[in-house]
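Below is one structure, written out as structure tokens; comments come after it.
Please treat every number below as a calculation from the coordinates, not as lab data. Note that the coordinates shown come from a computational prediction; the quantities given were computed from them, not determined experimentally. With ideal geometry, Cβ positions are generated from the backbone for all residues, glycine too; neighbour counts draw on all protein chains shown.
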Amino acid sequence: MCDELLKKIAAKEVAVSIIGLGYVGLPLASAIVRAGITTIGIDIDEVRVRMINEGRSPVSDVPDEELKGLLKRGFLASGDYDRIKETDVIIVCVPTPVTRSKDPDLTYLIGAGQGIGARLRRGQLVILKSTTFPQTTEGVFLPLLEKSGLKVGKDFFLAFCPERVDPGNRRFNIENTPIVIGGVTDNCQKAAVAFYKLIVPAVHPVSSPQAAEMTKLLENVFRNVNIALVNELAILCERMGLDIWEVIEAASTKPFGFMPFYPGPGVGGHCIPIDPYYLSWKAREFDYHIGFIELAARINENMPYHVAQLITEILGKRGIGLKKAKVLIVGVTFKPDVADTRHSPALKLIEIIQDKVGWLGFHDPLIGEVIVGRRRYRSVDLEQTLKEIDLAVIITNHSQLDYERVVSEAPLVLDTRNGCKGITAENVFSLGRPILD
Ligand code: SAJ
């Protein structure tokens, strides 16, 4: 069975179904179609399926023009799980969020496993990409597939191959980023390696799906704890009268053994603030508490509250009470130049201060509206509003923002991203620098 599949892969005669057409699934579909492989996208969200088939991309990394090109080459989205029967390779890119109490929420992953398990046929390769804790692939996902009565490694093949998508990254994409591969059996490894070699420049096989699951978590926890480190030092620098941005720039001149991370108003996105909880949750099963992760989470989750404190302090220095203050949040996406507000610290900051200030609004060139609690905010015109407010708070440093204009028009500016780098003005205050009189 494995040899037949390997032959089909080598001849590029396989057809692929991708389950979950989000910021991982859609770019992956694009790369696979561009490799000349027949691909179908499956998603439970009918609106998203319709949007995609009309050439309107829900993912900023796949522009409409690129999506239209995929559709022209035969790609289509469907809500019908039965379509996976027509394919040889099934790739699962569904979300793995956390619950409100920060425990892993495998609802989507289990749903995908059930959907596949009910339709699995001999000779198929299933690849799981969703970030999750070690033992998910073999302990949670595999049993759902084997409900089909088929045997892994003999009748079908299963591997965990974590995604490495950095939304908005113009330099790295699927075609130039190595992929880690953890097959359940040797045949599973062989099949997954052979398939991925059609799409990526390099594959890195590891000894098990668990090793691959842990690799991905290490990659993201590494970012989370390092961001927390500079966030903590930013607060210390404010108190010590130092400039964290100057210090990080200086440390970055070290050509080895250092990698810069930057402080900010908090950590957003669908991975970095979430994935570490998957690891700390699993570690507890082994009577092991990873203090690093909990500490980093506390520090990063505190940042929006720290920014709220800075807002109060800056307005206070000008004798403006919070209750009367008009505050404009500039940038609400979770990172610059990506139209995505998921877990954005801007939304948490709005939630913290919206009942405390006289007027609150936002401007973001990529986002039309946000809903925080029971309130709906629409993006306001920047130039017009700057004249009418007391304080502009730069939360997301989109490259297209005119920082000179923000500084010249707004009476006060709090910059949490060093977006105003190089602009000296007495009305500009910065996270990570002392708030001087
Ligand atoms: N952030 C900081 N300071 C930093 C870097 C990031 O405050 O020095 C903040 C960002 O503003 C953002 C959050 O952290 O709110 C996450 O930023 P990110 O750059 O990690 O962006 P993500 O979550 O879109 O993508 C990450 C990938 N990023 C990079 O490799 C640079 C990568 O970790 C994963 O492939 C991806 O998550 C994922 O899907 O796991």
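Give the range of the longest stretch in the chain that excludes all GluC sites (Glu not before Pro) found in loop regions by DSSP and having at most 15 other beta-carbon atoms within 10 Å. Don't jump to the answer; show the numbers that get you there.
On the way: sites that count: 13, 54, 285, 388, 426.
Looking at the chain, 55-284 is the longest stretch - no exposed GluC sites (Glu not before Pro) with at most 15 other Cβ atoms within 10 Å.
How do 38, 99 line up, fewest other C-beta atoms within 10 Å first?
On the way: 38 18, 99 10.
Exposure proxy ranking, most exposed first: 99, 38.
With a cap of 11 neighbouring Cβ atoms within 10 Å, and only residues DSSP puts in a loop, list the chymotrypsin sites (Phe, Trp or Tyr not before Pro) found in the stretch 254-342. List each step's numbers first, then the result.
Values: sites: 256, 258, 261, 277, 278, 281, 286, 288, 292, 305, 334; in loops: 256, 258, 261, 286, 288, 334.
Hits after loop and neighbour filter: 256, 258, 286, 288.
Net charge near residue 130: determine it from the other residues with C-beta under 12 Å of the C-beta of residue 130, scoring Lys and Arg +1 and Asp and Glu -1.
Numbers: positive: 129, 216; negative: 105, 163, 213, 275.
The answer is -2.
Which lysines, if any, have their Cα less than 30 Å from the Cα of residue 317, not counting same-chain residues under 8 positions apart?
326, 335, 348, 356, 387, 421
What helices does the chain have that are whole DSSP H segments, at least 30 Å long along their own axis by Cα, and with mean Kyte-Doolittle hydropathy of -0.5 or more? Mind showing how you got there, number by number?
Values: long enough: 209-240 (46 Å, 0.32); 291-317 (38 Å, 0.25).
The qualifying helices are 209-240, 291-317.
Going toward the positive end of the dipole of the chain, with +1 on Lys and Arg Cβ and -1 on Asp and Glu Cβ, which of 322, 296, 167 do you reach last?
167
What does the charge count near residue 268 come to, summing +1 for each Lys or Arg and -1 for each Asp or Glu among other residues with Cβ under 10 Å from its Cβ?
Working: positive: 335, 342, 348; negative: 340.
Computed value for this residue: +2.
Rounded, prolate or oblate, given the Cα gyration tensor of the chain, with a/c below 1.5 counting as rounded?
It is prolate, given that a/c is not under 1.5 and a/b is the larger ratio.
Tell me what the chain gives for mean residue ellipticity at 222 nm when only DSSP H runs of n ≥ 4 count, each as -39,500 (n - 2.57), the sum divided by the residue total, rounded to 500 deg cm²/dmol. Don't skip to the end; give the middle numbers.
Details: 14 runs with 161 residues, N = 437.
The helix contribution divided over the chain gives -11500 deg cm²/dmol.
Loop-only check: which trypsin sites (Lys or Arg not before Pro) in the stretch 115-209 are DSSP coil with at most 16 other Cβ within 10 angstrom? The partial results should precede the final answer.
Details: sites: 119, 121, 122, 129, 147, 151, 154, 164, 170, 171, 190, 197; in loops: 119, 121, 122, 129, 147, 151, 154, 164, 170, 171, 197.
Of the trypsin sites (Lys or Arg not before Pro), the ones in loops of the stretch 115-209 whose Cβ has at most 16 other Cβ atoms within 10 Å are 119, 121, 122, 147, 151, 154, 170, 171, 197.
Counting DSSP beta bridges in the stretch 116-258, what percent are antiparallel, to the nearest 5? Please report the intermediate quantities before stating the final value.
Numbers: 2 of 10 bridges.
So the antiparallel bridges amount to about 20 percent of the total.
Amide H of residue 203 versus every other amide H placed in the peptide plane: which residues, excluding those fewer than 5 positions away on the same chain, fall under 5 Å?
179
In Å³ and rounded to a whole number, note down the convex hull volume per residue for the Cα atoms of the stretch 302-437.
Values: hull volume 13.1 nm³, N = 136.
Once divided by residue count, the hull of the stretch 302-437 is 96 Å³.
Compute the signed sum of charges (Lys and Arg +1, Asp and Glu -1) over the other residues within less than 13 Å, Cβ to Cβ, of residue 291.
On the way: positive: 284, 298; negative: 294.
Neighbourhood net charge equals +1.
Could you work out the Kirkwood radius for the stretch 103-164, taking every pair of different alpha carbons, averaging 1/r and inverting it, reported in Å? Kindly include the intermediate steps, with their values, before the conclusion.
Details: mean 1/r = 0.0849 Å⁻¹.
Over the stretch 103-164, the inverse of the mean reciprocal pair distance is 11.8 Å.
Taking amide H atoms as placed 1.01 Å from N in the peptide plane, list the residues 5 or more away in sequence, or in a different chain, whose amide H sits under 5 Å from that of residue 18.
For residue 18, the qualifying residues are 40, 41, 42, 91.
Is the C-alpha gyration tensor of the stretch 2-207 telling us rounded, prolate or oblate? Criteria: a/c under 1.5 is rounded; beyond that, a/b larger than b/c is prolate, otherwise oblate. Display every interim value, and only then the final one.
Values: a/c = 1.35, a/b = 1.18, b/c = 1.14.
Because its axes are fairly even, with a/c under 1.5, the stretch 2-207 counts as rounded.
How do 287, 166, 88, 186 line up, fewest other C-beta atoms within 10 Å first? Don't skip to the end; give the middle numbers.
Details: 287 6, 166 17, 88 22, 186 10.
With the sparsest Cβ surroundings first, the list reads 287, 186, 166, 88.
Among 40, 179, which comes first, second and so on when ranked by fewest other beta-carbon atoms within 10 Å? Write down the numbers at each step before the final one.
Numbers: 40 20, 179 23.
Ranking 40, 179 by Cβ neighbours within 10 Å, fewest first, gives 40, 179.
Which distance in Å, rounded to a whole number, links the C-alpha centroids of the stretch 403-418 and the stretch 288-365?
Measuring centre to centre over Cα atoms gives 16 Å.
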